[in-house]
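Input: a single structure, listed below in structure tokens.
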Amino acid sequence: MGKHNGSTHGGTEEKLASALGWFSIGLGLAEVAAPKQMAKLIGVHDGERTHTVLRTYGLREIAAGVGILSQRRPASWVWGRVAGDMLDLVSLASAFKSDSVKPARLATVSAAVLGVTALDLVCAQKISRHPGSARSSNFHIHVKKNVNINRSPEDVYRFWHNFENLPRFMKYLDSVEVLGDKKSHWKAIAPGGKTFEWDAEILDDRPNAAIVWRSLERSDLENSGSVRFERAPGGRGTFVRVELKYTPPGGALGAQIGKLFGADPGQAVEHDLRRLKQIMETGEVVESDASIHSGMHAARPGLA
């Protein structure tokens, strides 16, 4: 259970941060790969010392760009760009004292750096002002799955609502601890043994009908979802309809979380629901779930 953060003021700074990240990488690659050409473009002395300085600044730019693009909350990396901009401006100001520079080119470059500094500063301030708004991860999961269980909505709701039961059929979950006041603490283990945790809160709880949740701030796994319990016609049990949204963080942790769902996230959720069906109908999870495959209705029109 987790949080779907739909911040409305996050879009502009997210796009700006991404643009600055790619700009940083592009500039850094140019400084590292072609310092001689960059020196001529800037209008400063073309020498080995200048080449070394430009390569060093280039590596700094690449690191900042990668940091911005790989983090969901890249405020510190954007502020790092602001600090780098200040260093660049100091270097350019010092270059004006040299007799070997081309003042017109140097002035043009200095104006451009001032403009980029202003963008970096605006972006850093916006991201810091709204820490809950995160640059979107490159890895998103949105799954809708359904299963028909030959038990009443009251029985299935009661079992699910005892959140400590969820690890019995959700393969990746290690434990769920109910904290009270509609909040709970979740712990999961990714392939390789990496552990990640989050707190969640219930947004809507309708007995025997539906449970809606989201994760809280600073969760390792940002997520939200709902489960609905609908009585099947003719007394044929309960349709359980699940919708899940996951947005893991960037970087290594996000990659580990991504492995939980494999190439087909929907299939992982489908397997969880098959195990739920087995537990509710037989009291245990058996080795093969082929016999209950027909109970799944993910592809049936009107059920997905």
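The residues of the range 33-54 that are under 21 Å from ASP120 (Cβ atoms), among the β-branched types (Val, Ile, Thr) and surrounded by fewer than 18 Cβ atoms within 10 Å (Cβ to Cβ) amount to a single one, VAL53.
Do the conditions hold for ALA263, that is, is it modelled with pLDDT under 90, out of contact with any helix residue (DSSP H, G or I) (no Cβ under 6 Å at 6 or more places or on another chain) and under 19 Å from PRO167 (Cβ atoms)? For ALA263, the condition - modelled with pLDDT under 90, out of contact with any helix residue (DSSP H, G or I) (no Cβ under 6 Å at 6 or more places or on another chain) and under 19 Å from PRO167 (Cβ atoms) - is not met. Of all residues in the range 55-106, those satisfying the criterion of being surrounded by 18 or more Cβ atoms within 10 Å (Cβ to Cβ) and touching a Phe, Trp or Tyr at 6+ places or on another chain (Cβ under 8 Å) are ALA64, GLY65, GLY67, ILE68, LEU69, GLN71, GLY84, ASP88, LEU106. Filtered by the rule that a residue be among the charged types (D, E, K, R) and more than 15 Å from VAL113 (Cα to Cα), the range 29-44 gives LYS36, LYS40. ILE211: surrounded by fewer than 17 Cβ atoms within 10 Å (Cβ to Cβ), hydrophobic (A, V, I, L, M, F, W, C), in contact with a strand residue (DSSP E or B) (Cβ under 6 Å, 6 or more places away or on another chain) and in a strand (DSSP E or B), yes or no? When the stated conditions are applied, ILE211 does not pass them. Based on this model, can you work out whether ARG105 counts as without any contact (Cβ under 8 Å) to a residue 60 or more places away in the chain, touching a helix residue (DSSP H, G or I) at 6+ places or on another chain (Cβ under 7 Å) and farther than 24 Å from CYS123 by Cα? Answer is no for this residue.
Yes/no matrix, rows are residues, columns are (1) part of a loop (DSSP other than H, G, I, E, B); (2) of a type in the set (A, V, I, L, M):
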position: LYS171; (1), (2): yes, no
position: ASP174; (1), (2): no, no
position: VAL178; (1), (2): no, yes
position: LEU203; (1), (2): no, yes
position: ASP220; (1), (2): yes, no
position: SER226; (1), (2): no, no
position: GLY234; (1), (2): no, no
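Can you tell me how many residues within the range 198-229 are farther than 19 Å from VAL269 by Cα and out of contact with any Leu (no Cβ under 8 Å at 6 or more places or on another chain)? Qualifying residue count, the range 198-229: 12. Is at least one residue of the range 151-159 among the aromatic types (Phe, Trp, Tyr) and modelled with pLDDT of 95 or more? Yes, the range 151-159 has at least one match.
The values are calculated or read from the model by the stated rules, or taken from the named source; none is laboratory data. These numbers were taken from a predicted model, which means no experiment stands behind them. We place every Cβ from the backbone using ideal geometry, glycine too, and count neighbours over all the protein chains shown.
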